[in-house]
Amino acid sequence: MQDYFDLVYWIPLLPFIGFLINGLARKSMSKQLIGLLGSAVIFLSFCLSVIIFLETTRHGFVARNITYFPLIALDNLSIPFEFQVDQLTSVFLLIITGVGFLIHVYSISYMKEEDQSGFGRYFSYLNLFVFSMLLLVLGGNYVIMFMGWEGVGLCSYLLIGFWFKNHEYNYAAKKAFIMNRIGDVGFLLGVFWLISIFGTASYHDLFNPETGKLLSGQTSNSPALIGITLLLFLGATGKSAQIPLYTWLPDAMAGPTPVSALIHAATMVTAGIYMIARSNIMYSLAPATMIVIAIVGLATAILAALIALKQNDIKKVLAYSTVSQLGYMFLGLGVGAYTASVFHVMTHAFFKALLFLGAGSVIHAMGGEQDINKMGGLGKKMRITYITFFVACLAISGIPPFSGFFSKDEILLAAWAHNPVLYIIGLGGSLLTAFYMFRLLALTFAGKFRGTEEQLHHVHESPSTITIPLIILAILAAIGGFVGIPELFMKDGHKLAEFLDPVFAYSKTILPAHHVPAQTEIILLGVSVILIIAVCIWAWNKYKNHSDGQPATGFAKAIQNKFYIDELYDAIVVRPLGRLSLFLGNVIDKSGIDGIVNGVGKSVSYGSRQIRLLQSGKVGTYILFMVIGILVLFIIQMFTK
Amino acid sequence: METGWYIYLSVILFSIGIIGVLTRRNSIVVFMCIELMLNSVNLLLVAFSKMHLAGAGAADPLVAINAQLFVFFIMIVAAAEVSVGLAIIVMMYRNTHSIDIDFLNRLKN
Amino acid sequence: MLGNYYTFPELLLWIPFVTGIIAFFIRKEKSVKAFALFSSLATLTVSVISLFYSNTTAHPDYFLYNNVSYVWLPYLGSSFYVGLDGMGFVLTFLTAFTLPLIFAATYKNEYRNANAFFSLMLLSQAGLMGVFVAMDALVFYFFWELALIPVYFLCSRWGGQRRIPVTFKFFVYTFLGSLLMLVGIIYIYLHTTAPGGLADHSFSLRSFYAANLSPNRQMGLFCLFFLAFAIKMPIFPFHTWQPDLYEQTNYPTTMIMSGIMVKMGVFAMIRWLLPIFPLAVHKFGNVAIILSVIGIVYGSCIAMIQNDLKRLVAWSSIAHIGLMGAAIFSLTNSGLQGVMLEMFNHGVNIIALWIVVDMIEKTAGIRKISELGGLALKSPALAIFFLVIGLANIALPLTNAFISEFLMFNGLFAHNKWFAAFACIGIILSAVYILNMMQKVFFGPTNSLTENARPINGRQKFILSVIVITILVMGIYPSPILHLTQETVTGILQSLK
């Protein structure tokens, strides 16, 4: 029998080959060929992922560890280049390659105005992005994960700054990379700590049900574990855009729109979730960290949702909504609902990719315009985009039976079970979500057109390479939630939970079990759905016939300016650091250290010049000194007898 | 005991010589002072030689004579020095019409 | 002759030495260039062949295999004793590998007195090789100085306006260190016992390792040696000669100095400092780490505000060297192995950076960061090469420096968490200055100064490709080097027990 796991390495290798070919031979290939190749490699990876997924659904499948070659082989530390495939991996593989493929197809027509070299560069970066992400989820230890981890950071840098002639974009790209890097340092330190305690970074050695080092004799809440998990979580806040390192993500809108879709939906930002879900046993053993994660997640969810209320750039609204949704996922992780978080990653991948690609379609039609105040009434001209966007809005707002409903409510329910306060704040956040999404929808597609005459002429439905991915994603966003129907509605309906169970089984035995009674569950669901629908309708009506708004004041102004967080960071980190560097370079180094060094030299030469004066050339003086010297010697001789 | 007087005399002569060298600028006087110093040393040598001979008895008179031999050497060297030195001073006077030692410091630079 | 592996250390030493002297008599610039390139390629060939004989398991006595010994100064107990161990292999290979790259990359540069220039380059290579193969303290000291002298002339005769004072500073600085080391060597020598022969004492490495030194003496001697090596590396606060000198000298010399010569300091720390003064190392190790870690952050901070490409690279080098210094004194297997790997990687990476800076200066005529811009439009290939090299410089995974920095930080972390955490700030800052450089130099629109920049030619592409491939291969499969040096590191750690 063919062992399909022998093929696993092709999954990341194919995009990498695509990257190499597109990158190196882009000048000698036609644009169609580049696009075709770029998409085809992802599609092949997707097919392989499906095969792997089917393998992992077999009954009695246990995680497979595949070692290729030694990366670091020391006497006391061995880190091989290894992959690990289990249920969690296969879910992520499907999301990454599946959504990634659609985004590639979409890009072919979205980017067609680029010149050939730029087009090839774009696709090679895109392939590299998918490669890095696949490496991240396939890696069998934290070091391989870190390779992908930094790799996606690099690719986001390259793609955000894709139009590198514009300095604004370059700043955004640089900011993304550096913010990520701050998180990465946390991740690295966490890995070092892990290695210093357990002597290994392999999941296999740490989490294996039989031999895992974490499973035997680890006390809950030991300081080292809390330290490790917090440091790893710092890495996650960088990659997944949580407080305090979230500000790069909205700026990352500088890149081409499909890239935003790729960053926000299929790759990169879900890396943090994946990492924590992957290390769930470690996190479950450190409840203190879990509380931190839940609080940070919730705070991010609310903060980002508030900011999204007042943004006027279509992509910025979506960006903050991503930050907010990621906050929910972390909330889920923090309360121990790992499955729910992974579920939300999946549904979010569908509807967020859809939203971004829809936004891209709109921007494309508007000739590059991104300000929603200049849009309006596009629904009539762009039917498919409009409908799919609408589906996505329903899904993200959490209206049944669209996918977001199932995943978000599962997280919120788990939060309730943990602490009702978390639930209430979380629900508040999801009301905000519903509001800003329908505000966006209304401003963009309803009402009168507010742009220029020329733009109005230009508006048209996008070609089929753009609309087909939209339709596919819309279907997924609509029905994607049915893999995780709550027990309440259907017995054994939560297929995903069942599938992922082996991954999270051990955590379940550690974490305190919460059970929410069925009546409570129904009440909670009912209340949230009613409130959300009400908010949706309110927002729609409020902004349906919107004309230009007045300048914001007070709190609204603070929201519009994103609570001045960027300015704050600038004032407390960036500028002091610059000043410190100048001080170090100009004062400490030039005058201080180099001053001492030169001072030694100068004092020697000064001393020499002074001593030289004794050499006057007068014989008389010399003799005088000689006589004095002899006399002194005599006197010393006399007194020291 | 009697050697003490010779030593005192020699010290006084030597000191006169040094002071002369240090204070006078006339090169002939300086020259004479140098001679004076040399001779004070000679005096000392002879005095010690004599003392030694008296102290050691006649065990090995040749040893004590050594010092007096040195005196002859010094006198010869001094004579050679005088002849060269005076020649230099004469040449100096011919060239500069001066025998002031501070005047002729051009060699320094 | 090649079949007898005992001759490798000698060949590596004498080929550049003899060709260096011959090069002095070749008057035609073109032929001397070709001759120098040929000579460096010959050395590389020997070095590559020598790697096939680097079977460390066959020679359990870790620093004594593969050696040549002549009676040199028998009455002093010194013999001309050279050999290769794992660390020696790595560094001689680095020297042999980078010199052809340097020659090829700067092939079109013009020099006054080309014969003297190339002769001195080859002689300095001989000196470096000598340092790396020396197994006798006197031989080591001899080559240590021999490497310095050609570089002094290279710096003072070919370079920028202010080259004389900065070279003078460099020379006085390093010479001071060397003399202190010489005092130390003689002192230790007087405390050794010779196994036999004409002299009472011996200069051989082995007798130095076995020297009978009391703790207080060790501490004093440690300071002498540490100062000499710290100046060479340079470790903060002995670094001030470096940025000025790198800014002023010509590119090939800068490459040799930053790529290979600073490794002399690192190498010497490991070979001549750690095993000889184990007690003092344990005592002063943390001081050295603190200085090094300060150097990392300090160098990175100052690199961020530099406006001159050469100074930026120079400061980034100080930061990297700081990390190596810290990792050496972490005294862990992982840290020292990381240093071994990083010595090679840093050598390749920084030379690559200089090559790129040289190309930028050649094509745009300037190297002020604030005046450049838009080069990616004019020379996309150079931009991509720089991107890879820059990313290797900030130790991104899949590039060579990642593995080595990972190991070094890991070792440092095992030694002390807080040092590692503080040093990690350097990881962030390095990204800041490299990306800043990328952005200001390559991205953005072109301006009047960069308008006429030309794309790089095939020769330049080839050289940079070789480097980039090395970077990537070493980033994915560094095991051979780690395997090679494991024995050296184990031996060092054992002597420190």
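Run the numbers on the range A:179-322 and let me know its relative contact order in percent, using alpha-carbon pairs under 8 Å that are six or more apart. Walk me through the numbers before you get to the answer.
Details: 162 pairs, mean separation 37.6, N = 144.
In percent, rounded to a whole number, it is 26.
Inter-chain Cβ neighbour count for C:244-257, averaged per residue, equals 0 (cutoff 10 Å, partner chain atoms only). Along the range C:386-392 the Karplus relation, 6.51 cos²θ - 1.76 cosθ + 1.60 evaluated at θ = phi - 60°, assigns HN-Hα couplings of 4, 4, 4, 5, x, 5, 5 Hz to successive residues, with x for each Gly and Pro. Over the residues of chain A, the helix contribution to mean residue ellipticity at 222 nm works out to -23000 deg cm²/dmol, using -39500 (n - 2.57) for each DSSP H run of at least 4. Here is the list for the range A:478-545: trypsin sites (Lys or Arg not before Pro) lying in DSSP coil, each with at most 15 other C-beta atoms within 10 angstrom of its C-beta, are A:Lys491.
Pulled fully out, how much extra length does the chain show between C:Asn447 and C:Val18, if you take 0.36 nm times their separation in residues and subtract their Cα-Cα distance? Please report the intermediate quantities before stating the final value.
Values: separation 429, 0.36 × 429 = 154.44 nm, distance 4.83 nm.
Roughly 149.6 nm would be gained on extension.
Excluding A:Tyr320 itself, calculate the net charge of residues whose Cβ lies under 15 Å from the Cβ of A:Tyr320, where each Lys or Arg counts +1 and each Asp or Glu counts -1. Charge balance near A:Tyr320 sits at +3. Exposure proxy for C:Ile425, B:Ile65: other Cβ atoms within 10 Å of each Cβ, ordered fewest to most, give B:Ile65, C:Ile425.
Peptides C:467-473, A:563-569: what's the order by average Cβ count within 10 Å, highest mean first? Walk me through the intermediate numbers first.
On the way: C:467-473: 17.1, A:563-569: 13.4.
Answer by packing, highest mean first, reads C:467-473, A:563-569.
Averaged over peptide A:168-175, the number of partner chain Cβ atoms lying within 10 Å of each residue's Cβ comes to 3.
Scoring A:71-84, C:77-90 by mean Cβ neighbours within 10 Å over their residues and listing the highest first yields C:77-90, A:71-84. Spatially, the range C:326-390 and the range C:444-462 are offset by 18 Å when compared through their Cα centroids.
Just counting partner chain Cβ atoms within 10 Å, what average do the residues of peptide C:300-309 show around their Cβ? Intermediate results must be reported in sequence, preceding the final value.
Numbers: counts 1, 10, 8, 2, 7, 10, 2, 0, 0, 0.
Average per residue, whole number: 4.
Sum up the charges of everything whose Cβ sits under 15 Å from the Cβ of C:Ile355, counting Lys and Arg as +1 and Asp and Glu as -1, but leave C:Ile355 out.
So the environment of C:Ile355 carries a net charge of +4.
Normalised by the number of residues in the range A:447-558, the mean separation of alpha-carbon contacts (under 8 Å, six or more apart) gives a relative contact order of 26 percent. Highest mean packing first, where packing is the average number of other Cβ atoms within 10 Å per residue, the peptides A:18-28, A:183-193 line up as A:183-193, A:18-28. Exposed loop sites, defined as GluC sites (Glu not before Pro) outside DSSP H, G, I, E and B with at most 12 other Cβ atoms within 10 Å, are absent from the longest region of chain C, namely C:111-450. Taking Cβ atoms as reference points and 14 Å as the exclusive limit, the residues near A:Phe129 contribute a net charge of +1, counting Lys and Arg as +1 and Asp and Glu as -1.
Each residue of the range B:5-22 is assigned a 3J(HN,Hα), and the resulting list reads 5, 4, 5, 4, 4, 5, 4, 4, 4, 5, 5, 4, x, 4, 4, x, 4, 6 Hz, derived from the Karplus form 6.51 cos²θ - 1.76 cosθ + 1.60 (θ = phi - 60°), x at Gly and Pro. Phi angles across the range A:251-258 convert, under the Karplus curve 6.51 cos²θ - 1.76 cosθ + 1.60 with θ = phi - 60°, into 3J(HN,Hα) values of 5, 5, 5, 5, x, x, 4, x Hz, Gly and Pro given as x.
Each of A:Met145, A:Leu633, A:Met382 was placed along the dipole of chain A (beta-carbon charges, centred on the mean Cα), and the one lying farthest toward the positive end is A:Leu633.
What is the protein assembly as shown by shape, rounded, prolate or oblate, if you read a ≥ b ≥ c off the alpha carbon gyration tensor as root eigenvalues and call it rounded for a/c under 1.5, prolate for a/b larger than b/c, and oblate otherwise? Prolate is the answer for the protein assembly as shown, as a/c is 1.5 or above and a/b outweighs b/c. Database remark: amide H of A:Leu71 closer than 5 angstrom to the amide H of A:Ile79, A:Phe81 (H placed geometrically; neighbours at sequence offset of 5 or more, or on other chains; Pro and chain starts carry no H). Checked against a 29 Å cut-off, the cross-linked pairs A:Lys174/A:Lys448; A:Lys602/C:Lys368; A:Lys239/A:Lys315; A:Lys175/A:Lys315; A:Lys174/A:Lys310; A:Lys618/B:Lys50 give Cα-Cα distances beyond that limit for A:Lys174/A:Lys448; A:Lys602/C:Lys368; A:Lys618/B:Lys50. Proximity of backbone amide H atoms, modeled 1.01 Å from N, is registered between A:Gly447 and A:Gly377 at under 5 Å, excluding neighbours fewer than 5 places apart on the same chain.
Treat every Asp and Glu Cβ in the protein assembly as shown as -1 and every Lys and Arg Cβ as +1, leave all other atoms uncharged, and give the resulting dipole magnitude about the Cα centre to the nearest 20 debye.
Values: 75 positive and 58 negative charges, 577 e Å.
Using only the charged Cβ atoms, the result is roughly 2780 debye.
With neighbours defined as other Cβ atoms within 10 Å of a residue's Cβ, the residues A:His59, A:His494, A:His264, C:His201 order from fewest to most as A:His59, C:His201, A:His494, A:His264.
Can you give me the relative contact order of chain B as a percent, contacts being Cα pairs under 8 Å and 6 or more apart?
Values: 82 pairs, mean separation 30.0, N = 109.
Relative contact order of chain B: 28 percent.
The alpha carbon centroids of the range C:476-496 and the range C:219-287 are separated by 21 Å.
When the square roots of the Cα gyration tensor eigenvalues are ordered a ≥ b ≥ c, the ratio a/c for the range C:343-497 is 1.5 or more and a/b exceeds b/c, which makes its shape prolate. FRET efficiency for the C:Lys461 to A:Arg58 pair, using the beta carbon distance and R₀ = 51 Å, is estimated at 0.55. On a 0 to 90 degree scale, rounded to 10, what angle separates helix C:114-133 from the longest Cα axis of chain C? The angle comes out near 40 degrees.
Read-outs throughout are calculated quantities, based only on the coordinates presented, and are distinct from any laboratory measurement. Note that the structure is a prediction, hence the values are computed from the model and not measured. In this analysis, Cβ positions are derived from the backbone assuming ideal geometry, glycine residues included, and neighbour counts consider all displayed protein chains.
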